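A.B. asks: Following this message is one structure expressed as structure tokens.
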Amino acid sequence: MLHTSSLSCVHINGELSTGGFVALNTSNPFDHPIINLNLVGSEFDLFALREGIRGVRQFMTSPTFDGFVVSTPANMTTDEELDQYIKANVGGALHPVGTAMMTSKDSDWGVVDPDLRVKGVEGLRVVDASIFVSFDILENDTFTEPSVCPLSKAVRSSRSYTSAYIYSS
């Protein structure tokens, strides 16, 4: 029996300079929304990811890994080549949080109020980790438990409201 091991080394740009968006795709509430994370929305985002790739390459080509690296992405060296690679392969990691910020009922900004109701939309609540301002996954082994908190609040609130819920885990 053949046993193999592998190591994947990736660069994660945890501080994007621009934000993405979520928009309705159709008027049908069961159709998937348009989700654009805008992961390379600025020149700085591309710069950070280019330098991250260069740093990963330097790390993986150190003497410590001699004989262990079987393959690497194509030999891209110029900014243009790296930008093309990044745009074709960039992806999100972990669960996006902070994309539907909760603010007070009186506030004219934010997405949901403290009862998890979407502002300006009747009968719709957001019940997932997107209402959190941020979430440090490194200090917490899982975000399942904190993600249940909005669900629990929604269940308690739903006794007096009829609403549609969006819940993702």
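A.B. asks: Return yes or no: is Val56 assigned to a helix (DSSP H, G or I), aliphatic (A, V, I, L, M) and over 20 Å from the mean Cα position of the chain (by Cα)?
C.D. replies: Judged against the criteria, Val56 is a match.
A.B. asks: Are any residues in the range 56-92 within 23 Å of Val22 (Cβ to Cβ) and polar (S, T, N, Q), and if so, which ones?
C.D. replies: The answer is Asn89, and nothing else.
A.B. asks: Could you list, in sequence order, all residues of the range 85-103 that are among the polar types (S, T, N, Q) and open to solvent by less than 60 Å² (accessible area, probe 1.4 Å)? Write out each step before concluding.
C.D. replies: Within the range 85-103, the subset among the polar types (S, T, N, Q) is 89, 99, 103.
Thr103 - this is the single residue of the range 85-103 that is among the polar types (S, T, N, Q) and open to solvent by less than 60 Å² (accessible area, probe 1.4 Å).
A.B. asks: Return yes or no: is Ser134 part of a loop (DSSP other than H, G, I, E, B), modelled with pLDDT of 85 or more and open to solvent by 50 Å² or more (accessible area, probe 1.4 Å)? Break it down stepwise before answering.
C.D. replies: Numbers: part of a loop (DSSP other than H, G, I, E, B): yes; modelled with pLDDT of 85 or more: no; open to solvent by 50 Å² or more (accessible area, probe 1.4 Å): yes.
In short, no.
A.B. asks: When only residues in the range 16-72 that are basic (Lys, Arg) and open to solvent by 40 Å² or more (accessible area, probe 1.4 Å) count, which is farthest from Ile131 (Cα to Cα)? Give the steps one after another, and end with the answer.
C.D. replies: Filtering the range 16-72 for residues basic (Lys, Arg) gives 50, 54, 57.
Going one step further and asking which of them are open to solvent by 40 Å² or more (accessible area, probe 1.4 Å), we end up with 54, 57.
Values: Arg54: 34, Arg57: 36 Å.
Per the criteria, the residue is Arg57.
Quick grid of which residues meet (1) touching a Leu at 6+ places or on another chain (Cβ under 9 Å); (2) over 26 Å from Pro146 (Cα atoms); (3) in a loop (DSSP other than H, G, I, E, B); (4) of a type in the set (Lys, Arg):
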residue	(1), (2), (3), (4)
Gly67	no, yes, yes, no
Gln84	no, yes, no, no
Trp109	no, no, yes, no
Val121	no, no, yes, no
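A.B. asks: If the Cβ limit is 7 Å and pairs must be 6+ apart or interchain, which residue in the range 34-55 that is under 10 Å from Thr18 (Cβ atoms) pairs with which residue that is assigned to a helix (DSSP H, G or I) and of a type in the set (D, E, K, R)?
C.D. replies: The qualifying pairs are Leu39/Asp45; Val40/Lys87.
A.B. asks: Which of (1) in contact with a Lys or Arg (Cβ under 8 Å, 6 or more places away or on another chain); (2) open to solvent by 50 Å² or more (accessible area, probe 1.4 Å); (3) modelled with pLDDT of 90 or more is the odd one out, the single condition Val112 does not satisfy?
C.D. replies: In the conditions (1) in contact with a Lys or Arg (Cβ under 8 Å, 6 or more places away or on another chain); (2) open to solvent by 50 Å² or more (accessible area, probe 1.4 Å); (3) modelled with pLDDT of 90 or more, Val112 misses (2) alone.
The values are calculated or read from the model by the stated rules, or taken from the named source; none is laboratory data. This is a predicted model, so every value here is computed, not measured. Positions of Cβ are backbone-derived with ideal geometry, glycine not excepted, and every protein chain shown enters the neighbour counts. When the accessible area is computed, the model is the full protein with side chains, heavy atoms only, and any ligands, DNA or RNA have been set aside. Shrake-Rupley method; radii C 1.70, N 1.55, O 1.52, S 1.80 Å.
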